[in-house]
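A quick write-up on the structure given underneath.
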Amino acid sequence: MGTESLPTIESAIPSALLQFHQLDQLRMLARANSLWPLTFGLACCAIEMLSSGCARFDLSRFGAEVFRPSPRQSDVMIVAGTINKKMLPAVKILYDQMPEPKWVIAMGNCAISGGPFAYPGQYNVVEGADTFLPVDVYIPGCPPRPEALIEGLLELEEKITGNRRWPRVKPETMVKG
Amino acid sequence: MSSLAQSQLRETFELNIGPQHPATHGVLRIKVVMDGEYIDRAEPILGYIHRMHEKMGENRTWNQFWPNMGRLDYLSAMAYNHCYAGLMERAAGIEVPERAEYIRVITAELNRIQSHLLGFGAYIMDLGGFTPLMYAMDEREQILDLLESVTGSRLTYCYFRFGGVYNDIDDDFITGTRAFLKRFRPQIPMYHKLVTGNAILMDRLIGVGPISADMCRKYGATGPVLRGSGVNYDIRRNEPYSVYPELDFDIPVYKECDSMARYMVRMDEMVQSCRIIENALNKLPEGPVMAEKVPKALKPPKGDYHYAVEAARGTFSMRTVSDGTNTSYRMRLRSPTYSNVSLFEEASRGMLLSDALAFLGSLDPVIPEMDR
Amino acid sequence: MDRAKIKRELENLAAEGLPAEPPQEETPVEVQTEAEGEDKAKPKAKKDEDVPRKNGLIETEYAKRGTHLDVQINPDQVVKAAEILDAEGMTLEMVTGVDWLKEGQLEVIYDYSYPGGQLFRVVVRARLDRNNPDIPTVCHLYGGANWHERETWEMLGINFVGHPQLEHFLLPEDADFYPLRKDFKP
């Protein structure tokens, strides 16, 4: 029996009859407000990721504090650190093991572009997580501050639901330290 | 070793821990051959975060190598800064003003407390207790605030320069540091009350992972691992650098050789670091924080140079081979956890798997520093 | 630890390894420079710095170099040197490899320190032929040398004869290059 002969759901049921738009929106809202990141620290950025989950920065205010050690229980991968050629297959496997829907945040310059370790003639660093993963949000910094990670997660929420839950702070209104 | 492990009729199986595993503090991988619940052979496999620091030392100028020092051991970056500054000052013969040396010591010791705090919190988290991490991180954030006010970054400091430090500390930093010490001192007895006396913790740590002093010597283990095995060896005392000889502090040494001893060394070191900081703040002289006439393009004479400091995890030393140009011919970084973890294979033989992870945590590895 | 004993034994070891020919070769060179006059002696002396150092022991100034004794020996003597230092309770801190491309040589540097209280640092170095970089391992004496030698092999291609596990360590398993060699091109 060939797979082509099986009718797909889209063709069998007319789209006008059944619509899950409202339900989908609700599901996405729930997902966006309870992102479960994978406990996956590579280098320096992992410490800032840990800091943002702990006292003071308290990531649980935004529903993203449930760090799961297993990829099968998590839905956002925060690539926190440098990926090198030896680690690359492992990162790929971890991403493939995560259930859909899933998102990727590239945290820090190393995950964005190789950061300080990318230079002509280098032999071991993968220059950016987006060379092999579909990255949704980029957070620059070396390492980014915990506030930046929180902002990145809010950006991801906006990407998932389509609107932003928290007001965006304009740079000119920020208190200059 | 169990009687099962000694018998001839045994079946072993392989278990792979890592590279992504919450108990390995990063991307360390351990290939374990198990005999039931007991470890037959545990081989650490490194390289999952090898970032070519030694190669980078060869293809950039001496000054351009500074940022790398903050990214080796991101938890005690100041000590690494200190080593590189000391190395190049030795090579080029630069005199450092006294105030700069005091500032170096103050920031490096604050950094050491911060590192041990995170080590303490993460270690207890490995063993199953989550709350101490929250307490430790609360204190740690205050240190980071202080260091951020003078260095400009939270973790990956690049604060020292050849011949001094980047900028002077101000009164806010000094009063802030004093206030922090006043607040932090009573916290440590509280940690002991809360955590150290806990029966579960004592069961999991006392007698686990014995390392003899001779084994430490054979493997080149240093820092709290060596001092937890009863050897009074600390670069700050045995090979004095900077202004440490003028400061008043003790080296905590425990003779038990187990995980608990290593844990206690770290806890006591925080108290001693507080003493050093207070002492240095009292003695802080006035004056410049940068040496005069430090050439922009440093060209140390030909030859090789060696410098060692006491980082939070043990002896960090650098050896550089200079060929008289403005780049290094060979830059060798000797990181403490590299040697400390190398004894894991021998020491973990015949251990229970759960004990082995408690033992690994007591070595307090930072993986990017091991892989370099 | 006995500083004088270590110094004496290492000095003897280095002297054992000295080949018999160099003094004979050196004399005609000296005669030549004397014959040609003082003008040519100066560039000759400068050239001497580039010539690889001869085997032997140098007492280095700690404040300038960070080490006390610096001894260069033949590659086959490193185990003997390690035995001498091990008997005195020294620890092996690190193993460094250096690629001297111009001279066609590789250098292995062993850093020893004393963990017992006194400050004493010894450097043992040996030069190898770049085309045939074989050196005996000191793994059986110092367990910590295992990883250091393995890394030096991986980065520079120095073959530690007798090493139990000369496999890839920091680089991926399929790496077929020695990144810290000076002629390495990715």
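Rule-based calculations on the coordinates, nothing more; no lab input. Worth saying up front: this structure is predicted, and the values here are computed from it rather than measured. Positions of Cβ are generated from backbone atoms using ideal geometry, with glycine treated the same way; all protein chains shown enter the neighbour counts.
Other protein chain C-beta atoms within 10 Å of residue C-beta, averaged over B:10-23: 2. One way to sum up the overall shape of the range B:49-342 is the equivalent ellipsoid from its Cα gyration tensor, whose semi-axes run 32, 23, 16 Å, largest first.
Cβ-to-Cβ counts within 10 Å put C:D134, A:D130 in ascending order as C:D134, A:D130, the fewest first. In terms of surrounding Cβ atoms within a 10 Å radius of their Cβ, A:S74, B:S335 rank from fewest to most as A:S74, B:S335.
In the protein assembly as shown, the C-alpha radius of gyration followed by the widest Cα-Cα span (Dmax) gives 27.8, 109 angstrom.
Of the GluC sites (Glu not before Pro) in the range B:286-353, the ones in a loop by DSSP (not H, G, I, E or B) with at most 13 other beta carbons within 10 Å are B:E286, B:E292. Its Kirkwood hydrodynamic radius, worked out from the mean inverse distance over all distinct Cα pairs, puts the range B:193-304 at 17.0 Å.
In terms of other Cβ atoms within 10 Å, B:R227, A:R72 run from fewest to most in the order A:R72, B:R227. Remark: mean inter-chain Cβ contacts per residue of B:70-77 equal 3, using a 10 Å Cβ-Cβ cutoff to other protein chain atoms.
Loop-resident trypsin sites (Lys or Arg not before Pro) (DSSP state other than H, G, I, E or B) in the range A:87-177 with no more than 15 further Cβ atoms inside 10 Å of their Cβ: A:R164, A:R165, A:R168, A:K176. Modelled spin labels at A:L88 and B:L353, positioned 7 Å past Cα toward Cβ, are 3.2 nm from each other. DSSP assigns beta bridges within the protein assembly as shown; of those with both partners inside it, close to 75 percent run antiparallel.
How high is the relative contact order of chain A? Use alpha-carbon pairs under 8 Å, at least six apart in sequence, and give a whole percent. Result for chain A is 20 percent. Here C:K102 and C:H168 are evaluated by their C-beta separation; at R0 = 30 Å the FRET efficiency comes out at 0.60.
Placing a label point 7 Å from the Cα of C:L18 along the Cα-to-Cβ direction, the residues of the range C:63-77 with a backbone N closer than 15 Å are C:71-74. Using C-alpha pairs under 8 Å with a sequence gap of at least 6, the mean separation divided by the residue count of chain B gives a relative contact order of 27 percent. If you take all other residues with their beta carbon under 15 Å from the beta carbon of B:A347, and give Lys and Arg +1 and Asp and Glu -1, the sum is -4. Sparsely packed loop sites in the range A:18-82 (the chymotrypsin sites (Phe, Trp or Tyr not before Pro) outside DSSP H, G, I, E and B with at most 15 other Cβ atoms within 10 Å) comprise A:F20. Multiplying each eigenvalue of the alpha-carbon gyration tensor of the range B:206-263 by 5 and taking the square root yields semi-axes of 23, 13, 7 Å, largest first, rounded to whole angstroms. Within the shell defined by Cβ-Cβ distances under 13 Å, the residues around B:T315 carry a net charge of +1, with Lys and Arg each +1 and Asp and Glu each -1.
Computed over neighbours whose Cβ is under 13 Å from that of A:L35, the net charge equals 0, Lys and Arg +1, Asp and Glu -1.
Of all DSSP beta bridges confined to the range A:51-152, the antiparallel ones make up roughly 10%. Counting Cβ atoms of other protein chains within 10 Å of each Cβ in A:47-54 and taking the mean gives 5. Helix B:353-362 and the longest principal axis of the C-alpha atoms of chain B enclose an angle of approximately 10°. Note on the range B:177-212 and the range B:354-372: Cα centroid distance 19 Å, given to the nearest whole angstrom.
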